[in-house]
Amino acid sequence: MAANMVRFRGGAWGPVRRFGLAAYRKYSSGGGCPSVPLTSPLPGVPKPVFATVDGQEKFETKVTMLENGLRIASQNKFGQFCTVGILINSGSRHEAKYLSGISHFLEKLAFSSTAQFGSKDEILLTLEKHGGICDCQASRDTTMYAVSADAKGLDTVVNLLADVVLQPRLSDEEIEMTRMAVQFELEDLNMRPDPEPLLTEMIHAAAYRENTVGLNRFCPVENIEKMDQKVLHSYLQNYYTPDRMVLAGVGIEHEQLVECARKYLLGVDPVWRSEKPKQVDKSVAQYTGGIIKLEKDMSDVSLGPTPIPELTHIMIGLESCSFLEEDFIPFAVLNMMMGGGGSFSAGGPGKGMFTRLYLNVLNRHHWMYNATSYHHSYEDTGLLCIHASADPRQVREMVEIITREFILMAGAVGEVELERAKTQLKSMLMMNLESRPVIFEDVGRQVLATNTRKLPHELCSLIGNVKPNDIKRVVAKMLRNKPAVAALGDLTELPTYEHIQAALSSKDGRLPRMYRLFR
């Protein structure tokens, strides 16, 4: 047996470096200091030297603006692959003067044939040579075209992105296929067991009635056949302009990305080029509050040996703030403090969970199937809402439980629960930013909105500074607004909007009492 091999617990043999062998023998035999804590370094073992990032790099996000107004943002992240994409200040909120659903159509048409590429298959084959994948997502305020591929193929990727965004063919055949895809998605949206996407649409429509972020994100059925190349081009010429775009990249050198942008995105005439004056919608979101109800038979949503029980879903929301305001961080902490989720988890509802909607709602009311807090935030407004679901016969009681939780937000905030919420928020932020595509989206969205990017350590510092008084202040401001309510399912027991509003204006959050002679 070699002199520098020792037997570890469990019987396995392994090497011990010579400078640590004496120390190992001394302490493993129980002699000397048998109770040395694991945190103390062993005598004779040299101090470790850790690799460090070059002082000039520091993972900063670099931003450059080209002559045509296009912004280029990048962050180097060492590795073989990169994520590059174009984010555009364009979404369903800009469709006030157009057919509703254009952004939905453009999302489905993305990465189809272009001036250089004859078909979607040709684009996918080009990306395959660099181990690449592509995706397009359209939200209420942003459209994002993204590609993840080998960093060596950056030139090809930027060329492809420029062609996809500025030179799409939008042929009749592709538009017809997209009509079918949109039709199928709308049918699927109404049939799926999880109603959250549909409720999110409804709560936005109720909160911002017929303006900006309240406009429908999905194409209405009556507009599907009206979509054609002319309609799409008239929208694209106003919103797909360089000053409304950011080319963002993660995992590449900034200078290399700028060089590719100059080559493929500077001085390029888009396929819809027109001399008409631009009509850009600069409307600011107007919070209205209100209620949207959708009576729907939920008894056959999930068939099979163990069907999901028939439920009624309610979402109640109040206006919060824009992500550009200082109060955005306290609202994010508040949302994390409320938390919540479904009633099914290992070991019983909410086992090991400490958020308010688990402790105060799901753990105490076994008949509630869901209680979750959401926070949607945009450049000019925000919406904090709670989604709850239960048996149709208990809707009134469920609504009262949720309104009471809103009122309790303005009460005392425990130091322990606040610190836990802040730690959870920091943890979620840092865990999400381990992923390259998430870093890409964060870089792109922040630069698109503010021309700069707050780094994670800055955000963590802001989160750490949130005090109980900050939570009380933002809640008091939020509770002064009218509520937005979305209701889906059997709504026989749903309280009136006026009663919900009265409950949120009261001291205890209780609904006004109702007296009935007959039930």
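The values are calculated or read from the model by the stated rules, or taken from the named source; none is laboratory data. Note that the coordinates shown come from a computational prediction; the quantities given were computed from them, not determined experimentally. Here the Cβ is made from the backbone with ideal geometry for all residues, glycine too, and neighbour counts use every protein chain on show. Quick note on the areas: whole protein, heavy atoms, side chains included, nothing else; ligands and nucleic acids left out. Shrake-Rupley method; radii C 1.70, N 1.55, O 1.52, S 1.80 Å.
Data for the structure
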read-out	value
Candidate aspartates and glutamates for bridging to Lys296, where Cα separation is under 16 Å - those fewer than 8 sequence places away on the same chain excluded	Glu187, Asp188, Asp194, Glu196, Glu201, Glu310, Asp391, Asp490, Glu493
Between segment 127-175 and segment 190-227, the alpha-carbon center distance in angstrom	26 Å
Lys/Arg +1, Asp/Glu -1 at C-beta; the chain dipole; positive extreme among Met245, Cys219, Leu408	Leu408
Helix-derived mean residue ellipticity, 222 nm - over the chain, DSSP H n ≥ 4, -39500 (n - 2.57), to 500	-11000 deg cm²/dmol
Cα shape, segment 162-201, gyration tensor, a/c 1.5 rule	oblate
Test item: Cα-centred dipole of the chain, Lys/Arg +1 and Asp/Glu -1 on Cβ, debye	2400 debye
Efficiency of FRET from Cβ geometry, Leu359 and Lys507, R₀ 25 Å, rounded to 0.05	0.70
17 Å Cα-Cα reach of Lys77 towards lysines, excluding residues that sit fewer than 8 places from it in its own chain	Lys58, Lys62, Lys152, Lys454
Options Ser343, Leu433, Ala371, ranked by Cα towards positive dipole end of segment 307-446, top entry (Cβ charges)	Ser343
Most to least packed among 193-199, 395-401 [average Cβ atoms within 10 Å]	395-401, 193-199
Surface per residue (accessible, 1.4 Å probe) for the chain, Å²	51 Å²
Accessible surface of Ile133 - all protein chains present, 1.4 Å probe, nearest 10 Å²	120 Å²
Extension gain (nm, one decimal) between Asp281 and Glu67, 0.36 nm per residue minus Cα-Cα	74.7 nm
Residue order for Glu419, Glu67 - accessible surface, 1.4 angstrom probe, largest first	Glu67, Glu419
The chain, accessible surface, carbon-and-sulfur percent (1.4 angstrom probe)	54 percent
Shape call, the chain: gyration tensor on alpha carbons, a/c limit 1.5	oblate
